[in-house]
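A short write-up of the structure that comes next.
The values are calculated or read from the model by the stated rules, or taken from the named source; none is laboratory data. These numbers were taken from a predicted model, which means no experiment stands behind them. Glycine gets a Cβ as well: all are built from the backbone with ideal geometry, and neighbour counts include every protein chain shown. When the accessible area is computed, the model is the full protein with side chains, heavy atoms only, and any ligands, DNA or RNA have been set aside. Shrake-Rupley method; radii C 1.70, N 1.55, O 1.52, S 1.80 Å.
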Amino acid sequence: MIRVAILISGGGSNMVRLVEDMAGDHPGRPCVVVSNTAAAGGLAKAAAMGVPTVVVDHRAYPDRAAFEAAMQAELRRAGAEVVCLAGFMRVLTPDFVALWEGRMINIHPSLLPRHKGLHTHQRALDAGDTEAGASVHLVTATLDDGPVLGQARVPVLPGDTADTLGARVLAAEHRLYPAVLRQFLRELSGV
Ligand code: GAR
């Protein structure tokens, strides 16, 4: 079984879907959920599912390197072999990314390479896009830039707001991320 750490900053709905999926013949098991804020609603959800949780509050560290060293210590303590970013809202340094090269994946709420960064749904609307969606990609040193492992597409509908479009994309994320993680771990374990 491949030990999977999940990093969150918020509600953790994608994290919940990943944990739910990691059962039975799934090649992975969740080993820890790490949040950079104690306010993340996902922490209680992880605990309720029996997954160990840790808060590494970025504000408690003098710089990114110190914050990431503390996260790395927690990931090692948990025996993590793969890291899933699931609504984790801190930018990671190239040094940290290098520690997890080929073993860290992220979900981003747009059809990459369109709309890297924040406010993706509003930007899709402003651009007049007729289609939106989500991407799971390998994390590389450049933000939202690594090789795409899978995408889910949804239509942009007349009258959509960032909220209505975001809800449609999030529902698609909940199908996409577990499917991509399964396949990614199968390939890692040579199955
Ligand atoms: C998701 O839409 C995810 O794609 C996005 O944050 C949301 C987290 O929701 N991630 C990013 O914007 C990363 N830059 P969740 O906490 O309910 O999974």
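When the gyration tensor of region 91-191 is built from Cα positions, what are the square roots of 5 times its three eigenvalues, in whole Å, from largest to smallest?
Semi-axes (√(5λ), whole Å): 26, 16, 9.
With θ set to phi - 60° and the Karplus curve 6.51 cos²θ - 1.76 cosθ + 1.60, what are the ³J(HN,Hα) couplings of region 27-44 in order, to the nearest whole Hz, using x for Gly and Pro?
For region 27-44, the Karplus-derived couplings read x, x, 9, x, 10, 6, 10, 10, 10, 8, 8, 5, 7, 5, x, x, 4, 5 Hz, x marking Gly and Pro.
Write down the Å³ per residue value for the convex hull defined by the alpha carbon atoms of the chain.
Convex hull volume per residue, Cα atoms: 114 Å³.
Once the piece of chain linking L188 and D57 is laid out straight, how much longer is it, given 0.36 nm per residue of separation minus the C-alpha distance between them?
Extra length from L188 to D57 when fully extended: 44.1 nm.
Counting only DSSP beta bridges with both residues in the chain, what percent are antiparallel, rounded to the nearest 5?
Antiparallel bridges: around 40 percent, rounded to the nearest 5.
List the residues whose amide H sits under 5 Å from the amide H of L143, counting only those 5 or more places along or on another chain, with H placed 1.01 Å from N in the peptide plane.
Under 5 Å from the amide H of L143 lies no amide H from a residue far enough along the sequence or on another chain.
Considering only protein heavy atoms and a probe of 1.4 Å, how much of the accessible area of the chain is carbon and sulfur, as a whole percent?
Roughly 55 percent, rounded to a whole number.
Determine the gain in length on full extension of the stretch L118-E74; use 0.36 nm per residue of separation and subtract their C-alpha separation, reporting nm with one decimal.
13.1 nm
Could you list which residues have their amide H under 5 Å from that of G12, counting only those 5 or more apart in sequence or on another chain, with H placed in the peptide plane?
G42
Take each uninterrupted DSSP H stretch in the chain, measure its Cα extent along the helix axis, and return the ones at 15 Å or beyond whose mean Kyte-Doolittle hydropathy is at least 0.0.
The qualifying helices are 162-188.
Need one number: % antiparallel among DSSP beta bridges in region 55-164, to the nearest 5.
That works out to approximately 80 percent antiparallel.
Calculate the spin-label point distance for E131 paired with R64, positioning each point 7 Å from the Cα along the beta-carbon direction, and give it in nanometres.
Simple spin-label model gives 3.3 nm for this pair.
Can you show me the helix-derived [θ] at 222 nm for the chain, built from DSSP H runs with n ≥ 4 at -39,500 (n - 2.57) apiece and divided by the number of residues, rounded to the nearest 500.
-11500 deg cm²/dmol
Report the label-to-label distance for M49 and A167 in nanometres (one decimal), using points 7 Å from each Cα along the Cα→Cβ vector.
2.2
Per residue, how much space in cubic angstrom lies within the convex hull of the C-alpha atoms of region 30-143?
Here the figure is 119 Å³ per residue.
Quick one: check the C-alpha center-to-center distance for region 146-173 versus region 16-79, whole angstrom.
25
Given a cut-off of under 8 Å on Cα pairs at least six residues apart, what relative contact order in percent is computed for the chain?
It rounds to 20 percent for the chain.
Tell me the per residue accessible area of the chain using a 1.4 Å probe; a whole number in Å² is fine.
I get 47 Å² per residue for the chain.
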